[in-house]
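No value in this document is a laboratory result; all are computed from the given coordinates. All values derive from a computational prediction rather than experimental measurement. All Cβ positions, glycine included, derive from the backbone under ideal geometry; neighbour counts span all protein chains shown.
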Amino acid sequence: MNKFPKDFLWGASTSAYQFEGAIKQGGKVSSIMDRFDEQPSYPKGITGFKEASDHYNHWKEDVKLMSEMGFKSYRFSISWPRIIKNKEGEINKEGIKFYNDLIDELFKHKIEPIVTMFHFDIPDFIQEIGGVCTNEFTKQFEIYSEVLFKNFGSKIKYWLTINELNMFALAGQIIGVVPSDQKINSWQLMHHLNVAQAKAIVLCRKICPSAKIGPAPNISTVYPDSNKPLDYVAKLNLDMVRNWVYLDIVCRGEYSPIFINGLKKMGLEITITEEEKQILKNSKPDFIAFNYYSTMTVKMPTEESLKNTKKDQQQGLSMPGFGESVKNDKLEKTQFGWEIDPVGFRNTLREVYDRYQLPIMITENGIGARDVLEEDGKIHDNYRIEYYEKHIQQMALAIADGVEMIGYMPWSAIDLVSTHEGISKRYGFVYVNRDEFDLKDMKRYKKDSFHWYKELIKNNGEN
Ligand code: BGP
């Protein structure tokens, strides 16, 4: 018997601002991401998102490469600033055409489009009125959602609301969606996003009732660092703020009383209106999509350990009296220091399914590396093949455990610009010939993993 369902969606992911480039083409208005690489916190000299991988001018060729790999699905994001011109909701017809053409091309190649509605690229006209830090954001997101559902709703079967909603709250300034000089209440910000997501789900049901819609946070199992009971308390605490609060609200319709109480203890609160409570209750998803890169290990912090915490995307959660993430010396690391935990992938799948019992789609998973283009045009990325082999084996075990899965769309289909490491950190099955300082010819080259993934898809997960 095959380990994966017959109609399993094998594919891969990208996001508009990291992949498209062409920020001045096709009537796109400016977004916060157009200038993110100019921020002082961004590694010096890196040319980033302005040109990205120039997918905007290579989309047909890129879809052809995906089709050659045998993709059954492709997850991409629609760029909000390519679609809406201003806060009055004026539509950019060229933007609509671009995505309609892309979607049609995918169908031509029998690839199911999986659309992320919003992946970090906040238009400047929204940032200027407070961005994700005010509830004006939810109104703007509703306008945008309606445009998406009305223009693409007849074609799209799977919608994803907001990429990594939890990372806005946990690492907003690191990923660049919140200005680094702004003081914020992360939990209020999270609440605005939760309401925006809920409204989008309600609208989706109304405008395109046969479509399916789900959230797409970044989820990972949280391990206690030791068998000390207090470290387990830290595990429960960080599990809540790292994972469950975002899925509980969308799947169960309310925040857990322990979460609300925990905020109170820290002198924080979220303002929630009655109307919002109702919306949140009536906006359940059809499936859960999530991104998985690694697990998190935590302990109860001491004053001394808190002083030494370094913040980054992977580590860096630390809350006095609550919990602190620490390195896990049992796990191997990528060249960029991210922990690799394939068994943790099975654990995470089990936990999410057990808690909500909704089908799961993996929308990101993968290894960022300094790939090398050899003189003969080859890229030997065995480390990537090995990473995927181990994760896919664990996914098969999770399915055998009883987890219901729709598909697997690792990060990324083709090389694109990393959120904060530039193009030197590559993820794709296809190499894009550019580097940090030189845009070169943007030519596409197939990596060894391209051929490996093609075989794997052909055999529905067996290799
Ligand atoms: C996720 C984001 C992606 C992607 C990925 C890898 O958090 O959804 O946009 O970039 O992480 O992260 P990075 O590019 O920082 O290596």
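Remarks
- For the pair Thr271 and Phe437 in one chain, pulling the backbone fully straight at 0.36 nm per residue adds 55.2 nm over the alpha carbon distance.
- Stretching the chain fully between Asp286 and Asn57 yields a gain of 79.0 nm (0.36 nm per residue, less the alpha carbon separation).
- Couplings for the stretch 349-356, taken from phi via the Karplus curve 6.51 cos²θ - 1.76 cosθ + 1.60 with θ = phi - 60°, read 4, 4, 5, 5, 5, 4, 6, 10 Hz in order; Gly and Pro are left as x.
- Less than 5 angstrom separates the built amide H of Ser31 from those of Asp124, all sequence-distant by 5 or more or on a different chain.
- Amide H contacts of Val326: Thr297, Val298, Lys299, each under 5 Å away and 5 or more positions distant or on a separate chain (H built 1.01 Å from N in the peptide plane; Pro and chain starts excluded).
- In the chain, the calculated helix contribution to ellipticity at 222 nm averages -11500 deg cm²/dmol per residue, counting -39,500 (n - 2.57) for every DSSP H run with n ≥ 4.
- Label-to-label distance, Lys378 versus Arg355, with points set 7 angstrom from Cα along the beta-carbon direction: 4.4 nm.
- R0 of 51 Å, Cβ-Cβ distance Lys6-Glu332: FRET efficiency to nearest 0.05: 0.90
- Relative contact order for the stretch 80-146, counting Cα pairs under 8 Å that sit 6 or more residues apart, in percent: 36
- The stretch 452-462 - phi-based ³J(HN,Hα) in whole Hz, Karplus 6.51/-1.76/1.60, Gly and Pro as x: 5, 5, 4, 5, 4, 5, 4, 9, 6, x, 9
- Backbone amide hydrogens, once placed in the peptide plane, bring Leu416 within less than 5 Å of Tyr427, Gly428, excluding anything fewer than 5 places away on its chain.
- Residues in the stretch 71-79 carry Karplus couplings, in order, of 3, 9, 8, 9, 9, 9, 10, 8, 7 Hz; the curve used is 6.51 cos²θ - 1.76 cosθ + 1.60 with θ = phi - 60°, and Gly or Pro positions show x.
- The loop-placed trypsin sites (Lys or Arg not before Pro) in the stretch 344-381, going by DSSP, that have at most 14 neighbouring Cβ atoms within 10 Å of their Cβ come out as Arg370, Lys378.
- Mean Cβ neighbour count within 10 Å, used as a protection proxy, ranking 288-300, 240-252, 440-452, 178-190 highest first: 288-300, 240-252, 440-452, 178-190
- Amide N proximity, the stretch 68-97 versus Lys150 label position 7 Å along Cα-to-Cβ, cut-off under 20 Å: 78-97
- Cut-off 12 Å between beta-carbons: net charge of the residues surrounding Lys281, Lys and Arg +1, Asp and Glu -1: -1
- Ranking of Phe336, Phe437, Phe4 by count of other Cβ atoms within 10 Å, fewest first: Phe437, Phe336, Phe4
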